[in-house]
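Asker: Below you'll find the structure I mean.
The values are calculated or read from the model by the stated rules, or taken from the named source; none is laboratory data. Nothing here was measured: the structure is a model prediction, and the numbers come from that model. Glycine also receives a Cβ, built like all others from the backbone with ideal geometry; neighbour counts cover every protein chain displayed.
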Amino acid sequence: MQKNWKIAESLTKDQLALIKQITEQMKCPDIIAEMLIRKGFMKVDEIQKFFNPSIEDVIDPFIFKDMKKAVLRIISAIKNKEKIVIYGDYDVDGTTSTAMLYLGLKKIDANIGFYIPHRMIDGYGLSLNGVDQLKDEGAQLIISVDCGINAIEEIEQINSLGMDIIITDHHNPKEILPQAYAIINPKLIDSDYPYKYLAGVGVAYKLLMSVYRELGIDSKELVDKYIDLVALGTIADIVPLTGENRIFASIGLQRLIEKDNIGLTALVNIAGLSEKELNSNDIVFGIAPRINAAGRMGSAMRAVELMISTDEEKSIELAQIIERENSLRQQIDQKTFQEACEIIEKKYKNINETSIIIVSSDDWHPGVIGIVASKLVEKYYRPSIMISFKDGVGSGSGRSIPGFDLFEALSSVEDYLETFGGHKYAAGLQVLIEYVDIFENRLNKYVNEHITLEDLIPPLKIDTKLELYEINNNFLEWLNKFSPFGLGNMRSTFYTEKVMVVGYPYNVGKNHLKIKVVKDGCPLDLIGFNLGDYLPFLKKGSYIDIAYSLEFNSWQGRTTIQGKLKDIKFVE
């Protein structure tokens, strides 16, 4: 698919003058200084903080308006031996939030339990069925994690049953808020909390740290104890890895490497990642899909049980069950994706004139449609919604493209939806079958009015020009200091003009391009995922412009530098 190369503007004179100052003080290559300046780091102390994230630099959690109230209620419940139940969501963010808060409160003798809704029975978030079950189990205080901000009816039910609820969430609130005992969400309109991009697990972690601080037990050891779970949920939820999220992800990844959590270690081992230093990619593509599979194919309670396990044998058994569920999920994913593509080819005669993709079926597993919607966005570069119908009710999952707010779009048609929730780039919904046509027509109209043709060409943001002779181990080691990489802090993309194709490019795996190029006598091996369609046009000795990122590639005990090809332009 054609990409729109968006090369960053040249630095100003003042910024160029800073390069020398930074390189002298940091002893780094000029391009590293340029990249730091482009990220807004002008002073050495800011750069040192960026390269060395510290838990001491997190924001005071008591800035949250209801934090003190929530903390005192939890401490009161602990002292009075009230039954506290954590109510989580079934994705990685929700299950890590649940496990982290469960372990953290259990550590201080809370009478604690947890509940994760079943995707097929309860649906998304707080459910009336789940609330009734918690009442029957004697719950007196409910703490929601990664859900609850728009559960008006369910929280009315909680109040009427004589229970209290503290909501911790990071999803976008609607205009009317539920009448909870306390609400902790950085996205509240009147929230003074300065960092708005916490994952659900980040918000729950701030609550736990506040309880510890109020009790005077917030030692570094205890504060760091569960940060591996915070990192896992934060990275998996694809929130920006900036500010506090960067601190949680960086420190938490180190904790994951230390293998303190028996359950997570069992999962890392079964994923074949035990021999490497984990990075954010390993979380997103290796660990997160397995945890999500538990909630998609069975019960997410199993994922929480794994993360709180203290028994090695039980952990291995749970990890094996989750691995089997993930294999089944992959098979269903592939079949569903193929069926969705066939429907799209028939339904949308000219995809270039289509602004949003909406497809539905009675046969799709509701647990995989979110993943497949993401794959549709990747293939067609359009906001995509998949709906699975059962008994006249459609459960939908949508994913968007950068620059288009799917939550706002769904807000414009909420009169035709039973429920919906989520955020800018990912959302869930329920729609009755009799309303699906008008829902689709109105949503199409909204999208057509709020999206341009240029929005539908994938942008490729390029940081700077790079020559192949500038690439060496020292440069890569400096690049790796920018990790962990993710939304808001992606690996830098470079471009090099007029490189020559060496030898014969070939395809590997599922349409992945392997190519070697050379310029000024300096070679570079590249792999281009899903770029195999370029192969017929690449001739030995021809010249191309390349856009790529760089990383170390370890294979059979040998480490080399490899380029990750993003796009190619052919030179006349």
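Asker: Could you check how many residues of segment 56-91 are within 26 Å of the chain's Cα centre (by Cα) and closer than 17 Å to GLY104 by Cα?
Answerer: Count: 6.
Asker: Can you list the strands (runs of 3 or more DSSP E) lying wholly within segment 520-570 that have 3 or more residues being small (Gly, Ala, Ser) and either touching a strand residue (DSSP E or B) at 6+ places or on another chain (Cβ under 6 Å) or modelled with pLDDT under 95 (or both)?
Answerer: Of the strands (runs of 3 or more DSSP E) lying wholly inside segment 520-570, those with at least 3 residues that are small (Gly, Ala, Ser) and either touching a strand residue (DSSP E or B) at 6+ places or on another chain (Cβ under 6 Å) or modelled with pLDDT under 95 (or both) span 543-555.
Asker: Same structure, new question: Could you pull out the residue among ALA77, ALA110 that is surrounded by fewer than 24 Cβ atoms within 10 Å (Cβ to Cβ), in contact (Cβ under 8 Å) with a residue 60 or more places away in the chain, small (Gly, Ala, Ser) and on the phi < 0 side of the Ramachandran plot?
Answerer: ALA77
Asker: Let me ask you something else. Quickly run through segment 449-491 and pick out the residues that are under 23 Å from TYR543 (Cα atoms) and assigned to a loop (DSSP other than H, G, I, E, B).
Answerer: Scanning segment 449-491 gives ASP463, LEU466, GLU467, ILE471, ASN472.
Asker: Given the structure, is ALA303 in contact (Cβ under 8 Å) with a residue 40 or more places away in the chain, buried (at least 16 other Cβ atoms within 10 Å of the Cβ) and over 22 Å from TYR425 (Cα atoms)?
Answerer: For ALA303, the condition - in contact (Cβ under 8 Å) with a residue 40 or more places away in the chain, buried (at least 16 other Cβ atoms within 10 Å of the Cβ) and over 22 Å from TYR425 (Cα atoms) - is met.
Asker: Consider MET1 carefully, then state whether it is surrounded by fewer than 16 Cβ atoms within 10 Å (Cβ to Cβ) and either assigned to a loop (DSSP other than H, G, I, E, B) or touching a residue at least 60 places away in the same chain (Cβ under 8 Å) (or both).
Answerer: Against the criterion (surrounded by fewer than 16 Cβ atoms within 10 Å (Cβ to Cβ) and either assigned to a loop (DSSP other than H, G, I, E, B) or touching a residue at least 60 places away in the same chain (Cβ under 8 Å) (or both)), MET1 qualifies.
Asker: How about segment 493-543: which of its residues are surrounded by 13 or more Cβ atoms within 10 Å (Cβ to Cβ), over 30 Å from the mean Cα position of the chain (by Cα) and of a type in the set (D, E, K, R)?
Answerer: Matches in segment 493-543: GLU497, LYS516, LYS519.
Asker: In segment 344-358, how many are of a type in the set (A, V, I, L, M) and surrounded by fewer than 16 Cβ atoms within 10 Å (Cβ to Cβ)?
Answerer: Result for segment 344-358: 1.
Asker: So which residues in segment 302-337 are hydrophobic (A, V, I, L, M, F, W, C) and over 27 Å from ILE227 (Cα atoms), if there are any at all?
Answerer: Result: LEU328, ILE332, PHE337.
Asker: Of everything in segment 125-150, what is within 19 Å of GLU418 (Cβ to Cβ) and touching a helix residue (DSSP H, G or I) at 6+ places or on another chain (Cβ under 9 Å)? Give them in sequence order.
Answerer: GLY125, LEU126, SER127, LEU128, GLY130, VAL131, CYS147, GLY148
Asker: Pull up segment 168-187, narrow it to residues that are more than 21 Å from the chain's Cα centre (by Cα) and surrounded by 19 or more Cβ atoms within 10 Å (Cβ to Cβ), then point me to the one that is nearest to ILE59 (Cα to Cα).
Answerer: Top of the filtered list is ILE183.
Asker: Separate question: Can you confirm whether PHE50 is among the hydrophobic types (A, V, I, L, M, F, W, C), under 29 Å from the mean Cα position of the chain (by Cα) and in a helix (DSSP H, G or I)?
Answerer: yes
Asker: Also, quick follow-up: Evaluate segment 95-105: report whether one residue or more is surrounded by fewer than 21 Cβ atoms within 10 Å (Cβ to Cβ), in the same structural domain as VAL284 (by TED's automatic domain parsing) and either touching a Lys or Arg at 6+ places or on another chain (Cβ under 8 Å) or at pLDDT 95 or above (or both).
Answerer: For segment 95-105, residues surrounded by fewer than 21 Cβ atoms within 10 Å (Cβ to Cβ), in the same structural domain as VAL284 (by TED's automatic domain parsing) and either touching a Lys or Arg at 6+ places or on another chain (Cβ under 8 Å) or at pLDDT 95 or above (or both): present.
Asker: Follow-up question, since we're still on this one. Give segment 4-42 a look and list any residue that's of a type in the set (Lys, Arg) and surrounded by 13 or more Cβ atoms within 10 Å (Cβ to Cβ), or say none.
Answerer: Scanning segment 4-42 gives ARG38, LYS39.
Asker: I would also like to ask the following. Could you check how many residues of segment 203-233 are at pLDDT 95 or above, of a type in the set (Lys, Arg) and under 18 Å from ILE86 (Cβ atoms)?
Answerer: The number of residues fulfilling the criteria is 1.
Asker: Kindly state which strands (runs of 3 or more DSSP E) lie completely within segment 125-197 and contain at least 2 residues that are under 15 Å from VAL85 (Cβ atoms) and in contact (Cβ under 8 Å) with a residue 12 or more places away in the chain.
Answerer: Ranges flagged: 141-145, 164-168.
Asker: State all residues of segment 413-429 that are touching a residue at least 24 places away in the same chain (Cβ under 8 Å) and surrounded by fewer than 16 Cβ atoms within 10 Å (Cβ to Cβ); if no residue qualifies, say none.
Answerer: Correct list: GLU418, LYS424.
Asker: To continue, here is another question. Evaluate the following for TYR504: is it outside the structural domain of GLY370 (by TED's automatic domain parsing), at pLDDT below 95 and outside any helix (DSSP H, G or I)?
Answerer: yes
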